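Visitor: Have a look at the structure that comes next, please.
Coordinate-derived values only; no laboratory data. Since the model is a prediction, treat every value here as computed from it, not as a measurement. Cβ: placed from backbone, ideal geometry, glycine included. Neighbour counts: every protein chain shown.
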Amino acid sequence: MDLEDHFKLITKHKLSYLIFDKWQGDEGLVHCFTTKRGGVSTGCLSSLNLGFNRGDNRDFVIQNYQRVCDVLQVDLKSLVLSRQVHETNVVKVEANDAGNEILHSSKWESADGMYTREPNITLVTHYADCVPLLFYAPGHSIIGMTHAGWRGTAGEIVKALIDKWVNLEHIPKDAIQVVIGPSIGMCCFEVGEEVAHEFTTRFGEQSFIHYDHLTDKYHIDLWQCNKYILMACGIKEENIFTSGICTSCHEDLFFSHRKSNGKRGTHGAFMALRSLGDEL
Ligand SMILES: [Zn+2]
C-alpha cells in the first residue's frame, strides 16, 4: 500500500491504525483512523468492528473500543459517538456529552459532523468507504470531524462545519487544516447516472466526475470533490492532506461496504484535544 507523504501505519499491541504525522507530534492532539486489525470480533466483522449496528456482540464492540482507547491513552468514558444518517447536521460537543451513544443514548437525532473545544472529549465517527474528514486549527483549541458519503459530499457537509468554525467560533480560515482519511477512491467508486447527475448539476463538468465509456458508468472522486468545496470555502490548498488510500482496493486492511457487498464491520476516526499534562 502506497501512503501519501505524512501518513503512517502504526501497529501497537497488535492494533493497526493510520495517523497523520504532522499532527502526531502535537502534544495537544490525539487522533487516528482505525483499520480492521487488532480487535476481538469474528467472521466478516473481524476483527476491530466499531459498529453497534453490524449484528456484533455488544461486549465485543465495547472491548474493541477499549483497545483503541488503551492505545490512544484516552478514557472510554470520554468518547462521543456520532449519529450518522448521510445528512449535513454538524453539532458542537460539550464536556457533559461524554459517553454519547456508547454509555447513554444519543443527544442528537443526527450528527454527521461534530466539533469541540473541550479537552478530554474524544470524538468518534464511523466509516466503511465513506470519507472521513478531520479538522484541526493548531493553536486555537478546536477539533472536528465530518462523515461524507456521496450525499454528505454533494450536500457540502464540510462547508457546514467550516461556516460554524468561522462564524460562531471565529477561527481564521488560514489556520484550519483538514485531513481526508481512507475511503473509497475514484478507482472503485462507480455510480449510476442519477448520482452523477446530482454532482454535475452542483459542480459542473469537473475532472472529479469521470464517465467510463466501456462500462457506461460514472466514477466520482469524493476526495477531490471535498477538497474543491473546502478550497471554495477559503481553506488553503496546502492545508488539505489526502491519505490516498482506497478502502475497496485494500480490503485486507480496511472494511469496504462495496467490496464486501455490505458484509463488513465499521472503522472509527478518533480525535481529542489533550490538556497538556493530563491523561484523558
Ligand atoms: Zn479503489
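Visitor: Along the charge dipole of the chain, which of Ala196, Leu103, Ala128 sits closest to the positive end, that is, farthest toward it, with unit charges on the beta carbon of Lys, Arg, Asp and Glu (+1, +1, -1, -1)?
Guide: Among Ala196, Leu103, Ala128, the one farthest towards the positive end of the dipole of the chain is Leu103.
Visitor: So, with +1 on the Cβ of K and R and -1 on the Cβ of D and E, and no other charges, what is the size of the charge dipole of segment 1-115 about its Cα centre, to the nearest 20 debye? Write down the numbers at each step before the final one.
Guide: Details: 13 positive and 16 negative charges, 91 e Å.
That gives segment 1-115 a dipole magnitude of about 440 debye.
Visitor: Treating the beta-carbon of each Lys and Arg as +1 and of each Asp and Glu as -1, no other charges, what is the dipole magnitude of the chain about its Cα centre, to the nearest 20 debye? Could the numbers behind the result be given before it?
Guide: Details: 27 positive and 36 negative charges, 132 e Å.
In debye, rounded to 20, the chain gives about 640.
Visitor: Which percent of Cα pairs goes in each bin when the distances of segment 35-132 are cut into 10 angstrom slices starting at zero?
Guide: 15, 47, 34, 3
Visitor: If you don't mind, another one. Please report the relative contact order for segment 1-66, taking Cα pairs under 8 Å with a sequence separation of at least 6, and give it as a percent rounded to a whole number.
Guide: Numbers: 93 pairs, mean separation 13.6, N = 66.
Computed over segment 1-66, the figure is 21 percent.
Visitor: Setting aside same-chain residues fewer than 8 positions from Lys92, which aspartates and glutamates have a Cα under 19 Å from its Cα?
Guide: Glu101, Glu109, Asp112, Glu118, Glu156, Asp163, Glu169
Visitor: Most fluctuating residue of Ala154, Ala98, Ala175 in a GNM of the chain with Cα springs under 10 Å: which is it?
Guide: Result for the chain, Cα springs under 10 Å: Ala175 fluctuates most.
Visitor: Any chance you could count the Lys pairs in segment 110-240 whose alpha carbons are under 26 Å apart, treating pairs 8 or more apart or on different chains as valid?
Guide: Step by step, the pairs that qualify in segment 110-240 add up to 10.
Visitor: Sticking with this structure for a sec: What residues qualify as long-range amide H neighbours of Ala148, i.e. H under 5 Å apart, gap of 5 or more or another chain, H built at 1.01 Å from N?
Guide: Counting only residues 5 or more places away or on other chains, the set is Val131, Leu133.
Visitor: For the chain, set up a GNM with springs between Cα atoms under 10 Å and report which of Leu168, Leu79, Leu133 has the largest fluctuation.
Guide: Comparing Leu168, Leu79, Leu133 in a Gaussian network model of the chain, the most mobile one is Leu168.
Visitor: What is the spin-label model distance, in nm, from Asp70 to Ser46 if the labels are put 7 Å beyond Cα along the C-beta direction?
Guide: The modelled label-to-label distance comes out at 2.0 nm.
Visitor: Give the percent of DSSP beta bridges with both residues in the chain that are antiparallel, rounded to the nearest 5. It would help to have the intermediate numbers written out before the result.
Guide: Details: 40 of 53 bridges.
That works out to approximately 75 percent antiparallel.
Visitor: Let me ask something additional. I'd like the FRET efficiency for Ile62 and Asn261, computed as 1/(1 + (r/R0)^6) with the beta carbon distance as r and R0 of 25 Å, rounded to 0.05. Intermediate values should be presented prior to the final figure.
Guide: On the way: r = 27 Å, r/R0 = 1.08.
The formula returns an efficiency of 0.40 here.
Visitor: Over all directions, how big on average is the projection of the convex hull of the alpha-carbon atoms in the chain, in square nanometres?
Guide: Numbers: hull surface 56.2 nm².
Here the figure is 14.1 nm², rounded to one decimal.
Visitor: What are the ³J(HN,Hα) values, in whole Hz, obtained from phi via the Karplus relation 6.51 cos²θ - 1.76 cosθ + 1.60 with θ = phi - 60°, for each residue of segment 161-178 in sequence order, with x given for Gly and Pro?
Guide: 6, 4, 4, 5, 4, 6, 7, 9, 9, 6, 8, x, 4, 6, 8, 8, 10, 10
Visitor: In segment 129-164, which chymotrypsin sites (Phe, Trp or Tyr not before Pro) are in a loop and have at most 16 other Cβ atoms within 10 Å, using DSSP for the loop call?
Guide: On the way: sites: Phe135, Tyr136, Trp150; in loops: none.
Of the chymotrypsin sites (Phe, Trp or Tyr not before Pro), not one in the loops of segment 129-164 has a Cβ with at most 16 other Cβ atoms within 10 Å.
Visitor: Take the Cβ-Cβ distance between Cys249 and Glu4 as r, set R0 to 22 Å, and report the resulting FRET efficiency rounded to the nearest 0.05. Before the final figure, lay out each step's value.
Guide: Numbers: r = 14 Å, r/R0 = 0.64.
So, using R0 = 22 Å, E works out to roughly 0.95.
Visitor: Pick out, from His86, Met231, Asn49, the residue whose Cα sits farthest towards the positive end of the charge dipole of the chain, with +1 on the Cβ of Lys and Arg and -1 on the Cβ of Asp and Glu.
Guide: Looking along the dipole axis, the top candidate is Asn49.
Visitor: Order of 265-271, 235-241 by packing, highest average Cβ count within 10 Å first? Walk me through the numbers before you get to the answer.
Guide: Details: 265-271: 25.6, 235-241: 15.3.
Order by mean packing, descending: 265-271, 235-241.
Visitor: Can you tell me which of Asp212, Asp221, Asp112 moves the most in a GNM of the chain? Springs connect C-alpha atoms under 10 Å apart.
Guide: Its mean-square fluctuation being the largest, the pick is Asp212.
Visitor: Report the paramagnetic label zone for His140: residues of segment 200-234 whose backbone N is under 16 Å from a point 7 Å from Cα along the Cα-to-Cβ axis.
Guide: 230-234
Visitor: What FRET efficiency do you get for Ser275 and Ser207 if R0 is 41 Å and r is their Cβ-Cβ distance, rounded to the nearest 0.05? Working shown, then result.
Guide: Numbers: r = 43 Å, r/R0 = 1.05.
The pair Ser275/Ser207 has a calculated efficiency of 0.40.
Visitor: Same structure again: Out of residues 5 or more away from Leu3 or on other chains, whose amide H comes under 5 Å of its own, with H placed 1.01 Å from N in the peptide plane?
Guide: Under 5 Å from the amide H of Leu3 lies no amide H from a residue far enough along the sequence or on another chain.
Visitor: If a/c stays under 1.5 just call it rounded; otherwise compare a/b with b/c (prolate if a/b is bigger, oblate if not). Do that for segment 162-280, with a ≥ b ≥ c from the square roots of the Cα gyration tensor eigenvalues.
Guide: Details: a/c = 2.70, a/b = 1.34, b/c = 2.01.
Oblate, because a/c is 1.5 or more while a/b does not exceed b/c.
Visitor: A further question follows. Taking Cα pairs under 8 Å and at least six residues apart, what relative contact order does the chain come out at, in percent?
Guide: Numbers: 632 pairs, mean separation 66.9, N = 280.
Worked out over the chain, it gives 24 percent.
Visitor: Of Lys12/Lys36; Lys36/Lys263; Lys8/Lys259; Lys8/Lys77, which pairs sit farther than 20 Å apart, going by alpha carbon to alpha carbon? List each step's numbers first, then the result.
Guide: Details: Lys12/Lys36 14 Å; Lys36/Lys263 13 Å; Lys8/Lys259 24 Å; Lys8/Lys77 27 Å.
Listed pairs above 20 Å: Lys8/Lys259; Lys8/Lys77.
Visitor: Which percentage, to the nearest 5, of the DSSP beta bridges contained in segment 70-214 is antiparallel?
Guide: Numbers: 15 of 23 bridges.
Taking every DSSP beta bridge with both residues in segment 70-214, the antiparallel ones total about 65 percent.
Visitor: While we're here: Over segment 139-268, what is the relative contact order in percent, taking alpha-carbon pairs closer than 8 angstrom and at least six residues apart? Walk me through the intermediate numbers first.
Guide: Numbers: 152 pairs, mean separation 37.1, N = 130.
Across segment 139-268, relative contact order equals 29 percent.
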